[in-house]
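Structure record follows, encoded as structure tokens.
Where a number appears in this text, it was derived from the coordinates with a stated rule and is not lab data. Just so we're clear, the structure is a prediction, and the values are computed from it rather than from any experiment. Because the Cβ atoms are built from the backbone with ideal geometry, glycine has one as well, and the counts that use them run over all protein chains shown.
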Amino acid sequence: MDVKEKHFLRRLSLKEFALKYGIYIGFLAIFIAFSFISSNFLTVKNFLNILDQYAYYVICAMGMFFVVLVGGVDLSNGSMIALASVLGATLMVATKSVPIGCLVIVAIAVFGGILNGLSVVKIGIPSFIATLAFQNIWRGSAYTYTTAKAVSGLPSSLTSFSFSEIMGIRSSTFIMIIVFCILLYILQFTGFGKKLYAVGGNPKAAKVMGINVKKASIIAYSICGLCTGISTILLVSNMGSANPSVAENIALECIAAVIIAGASANGGEGKLLGAVVGALMFAMIKNGLNLMGLSYFYQLIVSGVIIYIATAVDRLRIRAGL
């Protein structure tokens, strides 16, 4: 093997390494950058605040991972958060019952996930189109129901929940960890998890293997809906109110977080931990920009850049056969 061949193989291996582990490299680079830029960033208190404030965001990304894993997307989960939150909050204000309101929120979100799944696998509508339609339906319904006003006056047991602790850990962070452990177990240690990878990797081959592809896909969308419902409860608790304008960009950001972390837009690839790291990277950037005193408009710019990079990296991975 001559010098040119050795150089080519070395360059190829570095490229593969960057495509596979770029999310972790990027995460570390952003972490170091903000540590130098803001003296308030590199503190235990700030890290705990990031985990607590964006636990709902990470849970949404974990749910999105299941949909992307089977080769789909869900553009409607941000709008579903808006609709489920205002309906659940209204019920809590009227009944003063937090459990009933939370059950309604989760039920509505799961129902939305099932509708997405049925639309894609039964009717045959592309997931992008189906969930985009529901995105507008749910958001429009939330604005119509509330006449674009926030729902306040929630029971104190809910609004104080995000500031409470469970086993010495902030409640939102604790729930995020529990959700992660349950979903990781499903993916790594159950036959159903293996079926999801098979369905996303090659639906036709999965069907030949005896896997009910449609059922698996609908369940994946339902899990995404369940995670959306849990995220909604945490967000409402943290905000102390329900607003029809919340979570407008969360769907695209979650998709980008999942894909840039190693999942393929074509399905069948990726790890749940990568989705968590990708979501935390978005959260860290939002937090760092806030500490720098920069407006929300800068967050939109950075979010757009990351979404573009996520798509480009996915295309490069596919071309490289990774």
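Per-structure values
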| item | result |
| --- | --- |
| Over segment 98-257, relative contact order from alpha-carbon pairs under 8 Å, at least 6 apart, % | 44 |
| Alpha-carbon spread of segment 28-131, three principal axes, descending order, Å | 52, 41, 16 |
| R0 of 30 Å, Cβ-Cβ distance residue 207-residue 137: FRET efficiency to nearest 0.05 | 0.45 |
| The chain: relative contact order in percent, alpha carbon pairs under 8 Å with at least 6 residues between | 33 |
| Approximate spin-label separation residue 312-residue 25, in nm, with each point projected 7 Å along Cα-to-Cβ | 1.3 |
| Size of charge dipole - segment 124-228 - debye, nearest 20, with Cβ of Lys, Arg +1 and Asp, Glu -1, no other charges | 440 |
| Given charges at Cβ of Lys, Arg, Asp, Glu: the chain dipole, positive-most of 76, 130, 105 | 130 |
| Links that overshoot a 23 Å alpha carbon limit, given the list 122/195; 96/149; 45/96; 195/271 | 45/96 |
| Max mean-square fluctuation residue, GNM over the chain, Cα-Cα springs under 10 Å, options 38, 217, 264 | 38 |
| Distance between segment 214-271 and segment 81-114 - C-alpha centres, whole angstrom | 17 |
| Signed unit charges on C-beta, dipole axis of the chain, positive-most listed residue 257, 212, 186 | 212 |
| Difference of contour (0.36 nm per residue) and Cα-Cα distance, residue 39 to residue 181 | 47.8 nm |
| Test item: Cα-centred dipole of the chain, Lys/Arg +1 and Asp/Glu -1 on Cβ, debye | 760 |
